[in-house]
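Engineer: One structure, pasted below without further comment.
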Protein chains: 2
Amino acid sequence: KSGANNKSWLWIQSVCDFCKEDAGREIFALKVGLAVALVSLLTLFEAPYQVFGPNIVWAILSAIIVFEDTVGATFNRALNRALGGSLAGILAIAVAQTALSSGHVAEPIIVGLSMFMIAVITSYMKMWQALVQYEYGFRVALQSYCLIIVSGYRIGNPINTMIQRLYSIAFGGMVSVLVNVSIFPMWAGEQLHKELVKDFDSVADSLQECVKKYLECGSEKSKITMASIDGFPDEPAYERCLSILNSGSKLDTLASSAKWEPPHGRFLHISYPWSQYVKVGAVLRHCAYQVMALHSFAHAQIQVPYKLRVVFQSEIQEVSNQVSEIIRILGRDINHMKWSLKMSHITRLRSSTKRLQTSLYFQYSYILTSTFESPVSDKPLKSFANIWHTFYHTPYEKGFIEQTKCYHEITRKQLRRVYSWPSREVDAFEEDSEKRMNLLLRNMKALESTATLSLLTNFTSSFVELVARVDPLINVVNELSKMAKFKPDDDVL
Amino acid sequence: KSGANNKSWLWIQSVCDFCKEDAGREIFALKVGLAVALVSLLTLFEAPYQVFGPNIVWAILSAIIVFEDTVGATFNRALNRALGGSLAGILAIAVAQTALSSGHVAEPIIVGLSMFMIAVITSYMKMWQALVQYEYGFRVALQSYCLIIVSGYRIGNPINTMIQRLYSIAFGGMVSVLVNVSIFPMWAGEQLHKELVKDFDSVADSLQECVKKYLECGSEKSKITMASIDGFPDEPAYERCLSILNSGSKLDTLASSAKWEPPHGRFLHISYPWSQYVKVGAVLRHCAYQVMALHSFAHAQIQVPYKLRVVFQSEIQEVSNQVSEIIRILGRDINHMKWSLKMSHITRLRSSTKRLQTSLYFQYSYILTSTFESPVSDKPLKSFANIWHTFYHTPYEKGFIEQTKCYHEITRKQLRRVYSWPSREVDAFEEDSEKRMNLLLRNMKALESTATLSLLTNFTSSFVELVARVDPLINVVNELSKMAKFKPDDDVL
């Protein structure tokens, strides 16, 4: 019995949570109530009822149907309803007049056939890609056509019926739209804006979390199992990042609603570029895929020992901090509708990335120089590797030229990469080169365990790829900032 | 003028393409037309009209509203409409009777207030997570309540009005459902089934495409740019794989429609596990993320030279073929509703993965043994690396113990990994070990250019991670095969 009590208690708690979660819900519900109550006044008082007659119930239906959560969606519905209804009405009257004048036998045939035809045509047209968003309008058109032509056939005066209904439908729709817009309006554009800004923060959080996990000392790594699909208990941002990967359709819906909204709040100029928001979302998702790849390294079943993971610790930490800072700044810039990303941020990220790449590069040359030596040694090897040693004591001179070639190829690509990022022009990067040498020397000592370094570079070079994807992100946000006329800061790109 | 001609010609062509694309669309449109025509017969003939009266228009409205593309969605709508309408109707009659008996002044107040309350309550409830799928039902309930109580207030006989309307609404809905189910029905379950099977193929295709690209000789690699978000022209499967990443909500919608469908076609037993399809889709998407990560390596801006990319060519090719074969078999099994994945497939994948891992492992020991030697050499170094060589001629004895420790840690993890996959028990893996040795020796020769090998292992060990993710995929499909009572083959797991 206490189990059942417990269960009902949990249920009550979840209801309470639901109520507390979002005040917008209560407001929305009260707004629907208000719209219905306002329209119902028409029917309850005697005077308006005598003007409109029983057709007034259409006003209530219309008010309920048109009322959607965001302003844009409501406008979209209202317009669909108005346009679909009117066009269908005009067509219906034309067909009804023709049918009336065609005689007693032909009339029902014309009426029935026209309904069939309209049903087929509207149902077929609404599947056309560009018209899918007007699906509701086609449905309304079909309904209106059928209603008007049937009433016309039965009652005989289609124009009167139609005009009376049109008035009450328009009245109901207008009340809905007015209530929706005038009392705490929920703008789809505002929601889209907030959603996108939140996504930027989630990617940045998830990246930092992942790097922290990777550089964490000796904790038991969770394995890639079914659980990793739902997220890890100690990584709250992972789940948010995962939800971004599925957020495409949500952004699409909000953007297509937002297009119907008039300039409002902070989005004051006409034809605000809402579709660019969808593009920014897509590029951001592309970065999120790379963050997911980094996560898969941090949770991989083959793990580099902690001692080796921290070889590039300071470099990785630095680049990660700068990447997430840039992502956060971009998010904040969109949020505040200004463009404040400074040259210095990109320069700093560039120099950190260069340092990370240089470390990787020195690691290669280090391995190379050590393998240039003759591997045949008189010293007895004490480790397990001894067993395999016998395989490899062929001299290395043969492969030397080949090796040098490959090495140069890599060097060239590495350097090209270093100097080609970012694509926009930046100030020449100057740093105390002596200090850098010391840093490198320190790292070189740590690099003595070369055996597992190749595993290490997995994470590191995936990281460099993530940095490469930040570049298009900056470009697309910059494009948005121009299209949406963001205020520039004084000292910017 | 020819430009305008050209444009209209293109438009006509795209309309033709749209028409040819999918015969299901024509069938759907004709079905809607048929349903509307059938219902309209009621109004066109004299006899039924005299029974139902003007309320017959509700039958047409109801038929149009209920008609959805899949059977499940239609059932869902019909049930929502029936249940929402009836419950609201009963409540409306009760309130109307109370209002009638409460006197002339209180009546409009009660009616108006109750409409407001019902509007607030239904709008609030439909936002509760578990009730979102019944959104339409709540809307219908509110509409029905308002209509009935207003008619009751104005006409005075709510029960009669309600019953007449209920009959005609039920009739319209029934015609819709019958037409939808009996003539070329489109089952949401069937669509979900096909969609999931297609996704399996897309992931397998995309994987093979990506490996082929990676092992391709010297072609210009496309860069990670804005273009890569839309896909690459020479990789048709990439785009399909990308679309899988966004397919979550589509599968959700289809599964929630499919739940409403009765046993049909091949899905004969009651409570077919449609929700398991969504789970399988989620695990498959998890594999697709890893395939995307592999793609990002194949298109990375820092590329390993071709000569080195092909070091593990045969192993990578083999594992890739086997992974995609298993994914394809799983997809085909779901398609044919049987369970035919044989032990031998898993054993073969296991042995190939083991071979790939062994190659990686030997690479490590190879590097290790070569770095165990003294790096100080009298031979003059001719390469660019010479410059950096001077940094590293400290003796290695100091780091030796440390190194050996790390090495053993890696070895242990590697071996544990090799022997722990797959998690299900398999027959002991036996192979001609002499042949394997020869293969390894051949590889060892190719491994002479160690400098860039660490980059190589990026791809390779990401690949091993993908293999690790195939394990949960097999499990979740196996679970589905048990829940859906797939026919087992004779010789299976």
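Engineer: Can you give the accessible area of residue B:125, probe radius 1.4 Å, in Å² rounded to 10?
Structural biologist: Roll a 1.4 Å probe over it and residue B:125 shows about 90 Å².
Engineer: Return the subset of A:20/A:342; B:213/B:259; A:250/A:482; B:7/B:212; A:213/B:482; A:20/A:194 for which the Cα-Cα distance in this structure is over 30 Å, preserving the input order.
Structural biologist: A:20/A:342; B:213/B:259; B:7/B:212; A:213/B:482
Engineer: Compute the FRET efficiency between residue A:249 and residue A:167 as 1/(1 + (r/R0)^6), taking r as their Cβ-Cβ distance and R0 = 41 Å, and round to the nearest 0.05.
Structural biologist: Working: r = 38 Å, r/R0 = 0.92.
Calculated value: 0.60.
Engineer: So what are the ³J(HN,Hα) numbers for region A:66-73, from phi and the Karplus equation (6.51, -1.76, 1.60; θ = phi - 60°), rounded to whole Hz, Gly and Pro as x?
Structural biologist: Those phi angles translate into 6, 5, 10, 6, 9, 4, x, 5 Hz.
Engineer: What number comes out for the charge environment of residue B:201, summing +1 per Lys or Arg and -1 per Asp or Glu over other residues with Cβ under 14 Å away?
Structural biologist: Numbers: positive: B:194, B:198, B:240, B:328, B:332; negative: B:195, B:199, B:205, B:209, B:239, B:325, B:333.
Overall, the nearby charge balance is -2.
Engineer: Magnitude of the Cβ-charge dipole of region B:1-134, K/R +1 and D/E -1, about the Cα centre, nearest 20 debye? Mind dumping the intermediate values first?
Structural biologist: Working: 8 positive and 8 negative charges, 58 e Å.
Result for region B:1-134 is approximately 280 debye, rounded to the nearest 20.
Engineer: Could you list the trypsin sites (Lys or Arg not before Pro) in region A:1-45 that lie in coil according to DSSP, counting only those with at most 12 other Cβ atoms within 10 Å of their Cβ?
Structural biologist: Working: sites: A:1, A:7, A:20, A:25, A:31; in loops: A:1.
Those that pass, being in a loop and sparsely packed, are A:1.
Engineer: Based on the Cβ-Cβ distance of residue B:49 and residue A:94, what FRET efficiency does E = 1/(1 + (r/R0)^6) give at R0 = 22 Å, to the nearest 0.05?
Structural biologist: Values: r = 24 Å, r/R0 = 1.08.
E between residue B:49 and residue A:94, to the nearest 0.05, is 0.40.
Engineer: Given a Förster radius of 45 Å and the C-beta distance between residue B:485 and residue A:133 as r, what FRET efficiency does 1/(1 + (r/R0)^6) yield to the nearest 0.05? Don't skip to the answer; put the middle values down first.
Structural biologist: On the way: r = 41 Å, r/R0 = 0.92.
For residue B:485 and residue A:133, the calculated efficiency is 0.65.
Engineer: Per-residue counts of other Cβ atoms within 10 Å, averaged by peptide: what ranking do you get for B:320-333, B:46-59, highest first? Mind showing how you got there, number by number?
Structural biologist: Numbers: B:320-333: 21.1, B:46-59: 15.6.
Order by mean packing, descending: B:320-333, B:46-59.
Engineer: Additional query: Once the whole set of protein chains is in place, how much accessible area is left on residue B:312, using a 1.4 Å probe, in Å² to the nearest 10?
Structural biologist: 0 Å²
Engineer: Right, here's the next one. Taking a label point 7 Å out from Cα toward Cβ, give me the nm distances from residue B:21 to the same spot in the other copies, shortest first, one decimal.
Structural biologist: 3.5
Engineer: In nm to one decimal, list the spacings between the residue A:83 label point and its equivalents in the other copies, with label points set 7 Å along Cα to Cβ, shortest first.
Structural biologist: Ordered by distance, the counterparts are at 3.5 nm.
Engineer: Ignoring ligands, DNA and RNA and using a 1.4 Å probe, state the total buried accessible area between B and A in Å², rounded to the nearest 100. Write down the numbers at each step before the final one.
Structural biologist: Numbers: alone 27970 and 27990 Å², together 43160 Å².
Summing both chains' loss of accessible area gives about 12800 Å².
Engineer: Under the definition of partner shielding as Cβ atoms of other protein chains within 10 Å of a residue Cβ, what is the mean value for peptide A:283-290?
Structural biologist: Working: counts 2, 0, 4, 7, 0, 1, 9, 4.
Mean shielding count: 3.
Engineer: What is the gain in length, in nm to one decimal, between residue A:239 and residue A:271 on full extension, counting 0.36 nm per residue of separation less the C-alpha to C-alpha distance?
Structural biologist: 8.1 nm
Engineer: OK, next. How far apart, in nm, are two points set 7 Å out from the Cα along the Cα-to-Cβ line at residue A:338 and at residue B:216?
Structural biologist: 4.7 nm
Engineer: Same structure again: Counting Lys and Arg as +1 and Asp and Glu as -1, what is the net charge of the other residues whose Cβ lies under 14 Å from the Cβ of residue A:263? Numbers along the way, then the final one.
Structural biologist: On the way: positive: A:259, A:266, A:485; negative: A:190, A:261.
Its environment carries a net charge of +1.
Engineer: One decimal, nm, shortest first: give the distances between the label point of residue B:275 and those of the same position in the other copies, each label point 7 Å from Cα along Cα→Cβ.
Structural biologist: Sorted ascending, the copy-to-copy spacings read 4.0 nm.
Engineer: From the Cα gyration tensor of region A:1-63, with a ≥ b ≥ c the square roots of its eigenvalues, which class applies: rounded if a/c is under 1.5, or else prolate if a/b is larger than b/c, or else oblate? Can you show the working numbers first?
Structural biologist: On the way: a/c = 5.22, a/b = 3.01, b/c = 1.74.
Since a/c reaches 1.5 and a/b is larger than b/c, the shape of region A:1-63 is classed as prolate.
Engineer: While we're here: Per-residue Cβ counts within 10 Å, from other chains only, averaged over B:99-109: what number is that? Could you put the intermediate results ahead of the total?
Structural biologist: Working: counts 0, 0, 0, 0, 0, 0, 0, 0, 1, 6, 1.
Whole-number average of other-chain Cβ neighbours for B:99-109 is 1.
Engineer: What do you reckon, how do A:167, B:214, A:136 stack up by accessible area (1.4 Å probe), largest on top?
Structural biologist: The ordering from most to least exposed comes out as A:167, A:136, B:214.
Engineer: Roughly how crowded by other chains is peptide A:128-139, in terms of the mean Cβ count from those chains within 10 Å of each of its Cβ atoms? Intermediate values should be presented prior to the final figure.
Structural biologist: Numbers: counts 5, 2, 1, 0, 0, 0, 0, 0, 0, 0, 0, 4.
Going residue by residue through A:128-139 and averaging, the value is 1.
Engineer: Check residue B:339: other-chain or 5+ apart residues with amide H under 5 Å from its amide H, H built from backbone geometry?
Structural biologist: Result for residue B:339 returns B:487, B:489.
The values are calculated or read from the model by the stated rules, or taken from the named source; none is laboratory data. Keep in mind the model is a prediction, meaning the values are calculated, not measured. All Cβ positions, glycine included, derive from the backbone under ideal geometry; neighbour counts span all protein chains shown. Heavy atoms of the whole protein, side chains included, go into the accessibility calculation; ligands, DNA and RNA do not. Shrake-Rupley method; radii C 1.70, N 1.55, O 1.52, S 1.80 Å.
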